[in-house]
Structure formats: structure tokens, C-alpha cells
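Let me begin by presenting the structure, written as C-alpha cells, before commenting on it.
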Amino acid sequence: MDKTPPEILAHIAERIVDAQKWYSNPYARRWDARLAPYASVSRAWKACIERLTFKYIRVSTDELDTFATLFSGHDISRLAYISILNVRVMLPPPQNPLGCCAVVRIPDREADSVTFSAAMSKLFTILAEMEARATENCPMHLRFWEGWRHSRFQEPKGSTLVPCSDQGLHLRREILEAKAVSGQIHLVHEDAIPVVPGVTTLEFVGGSESNELSYLNTSWIPKIVQRLPDLQTLHLTTEDKYDHGRHKRHLRRESKLIVHFHSLI
């Protein structure tokens, strides 16, 4: 097997990946982990498998210690295989985590800020240490794709399946106002975040209402960018909620005027 050309091995591995995509649960989070047993076939096969399995990595900030062990010792060679590192930021549960909505499930933004900042410091420390041990240039796409709270898994089924606004518990306006006054998450103690070379693309996905990263104060952007000396591309998906609300109110007023005008005619 060691004499098989790398191109042929790559083609075989890709066919295995395609087959597992077809037969496995399409919602499985890490179906590509099923390739791991094939890595023991030979050294060449191991490199081929790892080149696929480490191409797109998804890690939560509460899994960073486990993530770091994947690149310990001689396994630092795996760093060269990473194309995109997707990071899910884990945040602490809010006050009354079993509440039905933002009116009663109030987030502690100070705790959120401390947790987010500590996660960034730990992530960047691990990446900086890995880059220092790397044996070759390893350009990486770093993507912050979601903010998440474990309390979501604990919510009563009634609150997740049927919005409380539909049950008459809280008006939608109450829920939107509660979110608007909940405050923002800030990056604090940024001096504790080390410089990380090798990251050429930084992407931030925070536009969705359900994404807790949408509450990040944008002041974090220049602070993080300063820590990435090799950065070439910056992708930001954010939404100005106040501007969005103002735009929706403007459209609502216009639609009412049109209806009123037609009723006069």
C-alpha cells in the first residue's frame, strides 16, 4: 500500500467519504470520523486520511484541550492539513435557563464577556503554540460560526416547539424589547491574547437572531485583527439591529399609507 501513488490513495479515500455521506445520517456532526480506522493501513494511507479528516475542523471552546492534544508531538504535521477551523463559542447559561424566552431567560453579559474573552485567549494561545512548532507554512481560515449555551438543551419542549408569544405568555414586542436591552458581549483583557501567525482569513458569522455571537460588540474586530499579522481577508456577517428595525418600521408605515390611500379611492 505504501507504493500506491498519493493521487490514487486520495481518490480511494474520497470515494469512501462519498459513500459514507450517502449511507450515514446527513445530520451527523462528524461523519468523517469514521475514516479514522483506515489510517492504520499504512503510513501513506494515514497521511491521506488525515489530510481529509483535518481539512475542515469544527471545535467548541469547551473542547480546546482535546483539540490541542490532536497536534501534540509529531502530530503537529496535521496542522498543515487544516483549511478551515470552525469555532463554536460556548457561553454560560443565563439567569433562569429554563425560562421560555428572553423576557425571563436573562443573560449575564458580564459573565458572557469574561467567558468569551477567556476562550479567545485560550484558542489563540493554543494556535500560537502550534504555529511555533509547525515545520512548514500553514495558512488557515479561522471562522467563528456560532455562539451557544448548553441551557438550550434543557429548555421545556413547549418553549422550543411553540413560541411563547403564540401561547400568550409574552408578546413578541416584549421579547424583542428584552433582547434589545440585554446588552452586548465585549472582548476584555485583549492584552492576554497572543499574536497568531498563519491565519490568512478571518470570518465572523453573527447575523442570526438565534446566534449569541450577534450580541458581540464590534470593538472586538480591530482587537483580534491586530493579533493576526498574516491576515489577508476579513469576512464579516453582521446585522445592525437598530438599522434593521428602523427599516422595518419605515416599510410598515409605507404599507399602511398605501392601504389608507386605496381605501380613500
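Listing for the model above:
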quantity: Contour excess over end-to-end distance, with Cα ends at Val181 and Thr237 and 0.36 nm allotted per residue; calculated: 18.0 nm
quantity: Built amide H within the under 5 Å cut-off of Arg58, gap 5+; calculated: Asn86
quantity: Residue-normalised accessible area of region 106-146, given per residue in Å² at a 1.4 Å probe; calculated: 43
quantity: Under-5 Å amide H pairs with Cys101, H placed in peptide plane, nonlocal only; calculated: none
quantity: Alpha-carbon centroid distance for the pair region 92-152 / region 171-207, whole angstrom; calculated: 9
quantity: Percent carbon-and-sulfur accessible area, region 90-149, ignoring ligands, DNA and RNA, probe 1.4 Å; calculated: 58
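The values are calculated or read from the model by the stated rules, or taken from the named source; none is laboratory data. Because the structure is predicted, anything quoted here is derived from the model rather than measured. These accessible areas exclude ligands, DNA and RNA; they are computed on the full protein's heavy atoms, side chains included. Shrake-Rupley method; radii C 1.70, N 1.55, O 1.52, S 1.80 Å.
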